[in-house]
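Below is one structure; the comments refer to it alone.
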Amino acid sequence: MIRFDLLEQDAGARLGRLHTPRGVVETPAFMPVGTNATVKAMTPEDVADTGAQMILANAFHLYLRPGAEIIERAGGLHAFMGWAGPILTDSGGYQVLSLAKIRTLDEDGVTFRSPVDGSVHRFTPEGVIDFQRVLGSDVVMPLDVLLGYPHTTAEAREAMEHTLRWAARARAHHARAGTGALFGIVQGGFDAALRAEAARRTVAMDFPGYAIGGLSVGEPHALMHDLLAVIDLELPRDRPRYLMGVGSPPSLLEGIARGIDLFDCALPTRVARTGAIFTSGGRINIRNAAFRDDLRPPDPECPCRVCARTTRAYLRHLFAADEMLGPRLATYHNLAFMGRLAHEAREALREGRYAFWMRRTLDAYTTPW
């Protein structure tokens, strides 16, 4: 289904190429989030123009709305949303955490009460694979259990064991009835020994790629970095690594330094809709009065089409006037910023200067994560 070529390594950072049935993804790469079969405010052509090679969609939300029947009749998710490139679909594992008040977890699966209409739905490791087969996902995620921060070691152990048992069930079912490449997910909470154990036991199941879940849920950044370094030692060199739900500009670069190939995060699009703009000097809030007469581009160092044609003053005006074009332009720019950051990281890796380039870039990015 997929093949991964490791082209270069610069200390822990990796330059690679992920071959999928719908195209090649140059890694490290950032995947925009299209939870509901759309990257909010963007057309598929816009998303591709920002440099995105692959996107993420959420099987849980698509199962609830519009449902399997209409997507299957449309010819799968790619045809339904008009995106020709690769798609990775999450399984609903994150909703085990985010919808904890309206779900019940047991050995066989999870019962959710729909946040849309209150109806009750049952998710099992096998059923999640079946639905992602209907979607036609290029990369498939198994159902897993993750925890927020903080939690006890006993809770982390229980969630890890649950995830491993479900992974084995998903692996067996996918071998019989699945399409797309099924990745294993490494859990284990915030205990380094548990994370290492989870990685070894997941690798023993021999997945074509490995995801790292349960991070960036409130823990200190330094702790996440330490755990990534532990997991890096346990994962095979010849398989892609995907860090789930992590993707601020600084965390992208720090993750690359610790061996991550794929990232996704809703942050760039979510904050764009509130007026937060990524720039080479850090994040700015374009709604601030300081930008009322600022005729510079949103980011003077950015070559994207928004920065080529738009001023900070105009973008602030759009937000102040509550015009929908404001969030649309801000979203395009933030995704283009992430696409360019990943591209420049790949170039630095190709030239063997990633550590120097990363430090210089992070030093210039002066705002908090």
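Could you pull out which residues in region 174-206 have an amide N less than 17 Å from a spot 7 Å beyond the Cα of R157, following the Cα-Cβ vector? Only 187-199, 201 fall inside the zone, counting backbone N under 17 Å.
Mean sequence separation of contacting Cα pairs (under 8 Å, at least six apart), scaled by the length of region 266-369, corresponds to a relative contact order of 32 percent.
Relative to the longest principal axis of the Cα atoms of the chain, helix 192-203 runs at roughly 70 degrees.
Which angle from 0 to 90°, rounded to the nearest 10, does the C-alpha axis of helix 125-135 make with the longest principal axis of the chain? That works out to roughly 50 degrees.
For H19 and H121, compute 0.36 nm times the residue count separating them, minus their Cα-Cα distance, and round to one decimal in nm.
Details: separation 102, 0.36 × 102 = 36.72 nm, distance 3.46 nm.
Roughly 33.3 nm would be gained on extension.
Quick one: angle between helix 325-350 and the longest Cα principal axis of the chain, in degrees between 0 and 90, rounded to 10, please. Result, in degrees: 70. In percent, rounded to a whole number, the relative contact order of the chain is 18, using alpha-carbon pairs under 8 Å and six or more apart.
Between D226 and A321, the modelled label-to-label distance comes to 5.2 nm, taking each label 7 Å out from Cα in the direction of the beta carbon. The alpha carbon centroids of region 83-122 and region 326-358 are separated by 32 Å. Candidates Y365, A198, H162 compared by Cα position along the dipole of the chain: farthest toward the positive end lies Y365, with charges placed on Cβ. Rounded to whole Å, the principal axis extents of the Cα atoms in the chain read 59, 47, 40, largest first. Say the dipole of the chain comes from +1 at the beta carbon of Lys and Arg and -1 at that of Asp and Glu; which of S119, F319, F131 then lies farthest toward its positive end? Ranked along the dipole, the leading option is F319.
Taking 0.36 nm per residue of separation and subtracting the Cα-Cα distance, full extension of the segment from D238 to R350 would add 38.6 nm. Sorted on the mean count of surrounding Cβ atoms within 10 Å across their residues, most packed first, peptides 201-211, 69-79 read 201-211, 69-79. By the rule of a second cysteine Cβ within less than 4.7 angstrom, the chain holds isolated cysteines at C265, C304. With contacts taken as Cα pairs under 8 Å and at least 6 residues apart, region 142-210 reaches a relative contact order of 36 percent.
Output the antiparallel fraction of DSSP beta bridges having both residues in region 207-291, as a percent to the nearest 5.
Details: 4 of 9 bridges.
If we restrict to bridges inside region 207-291, about 45 percent are antiparallel.
Between the alpha-carbon centers of region 240-302 and region 130-145, tell me the distance in whole angstrom. Computed from Cα coordinates, the inter-centre distance equals 28 Å. For the chain, the mean residue ellipticity at 222 nm estimated from helices alone is -12500 deg cm²/dmol, where every DSSP H run of n ≥ 4 contributes -39500 (n - 2.57) and the total is divided by all residues, rounded to the nearest 500.
About its Cα centre, the chain has a charge dipole of approximately 540 debye under the convention of +1 per Lys or Arg Cβ and -1 per Asp or Glu Cβ, with nothing else charged. Across region 1-21, the residues whose backbone nitrogen lies under 18 Å from the label position 7 Å along the beta-carbon direction of V203 are 4-7, 9-15.
For region 293-299, the Karplus equation 6.51 cos²θ - 1.76 cosθ + 1.60, evaluated at θ = phi - 60°, returns couplings of 10, 8, 9, 7, x, x, 10 Hz by residue, with Gly and Pro reported as x.
Seen from A177, the other residues with C-beta closer than 13 Å to its C-beta sum to a net charge of +2, counting Lys and Arg as +1 and Asp and Glu as -1.
Quick note: the coordinates plus some simple rules give every number you see, no bench work behind them. What you see is a predicted model; the values in this text were computed from it and never measured. Neighbour counts run over all protein chains shown; Cβ positions are idealised from the backbone, glycine included.
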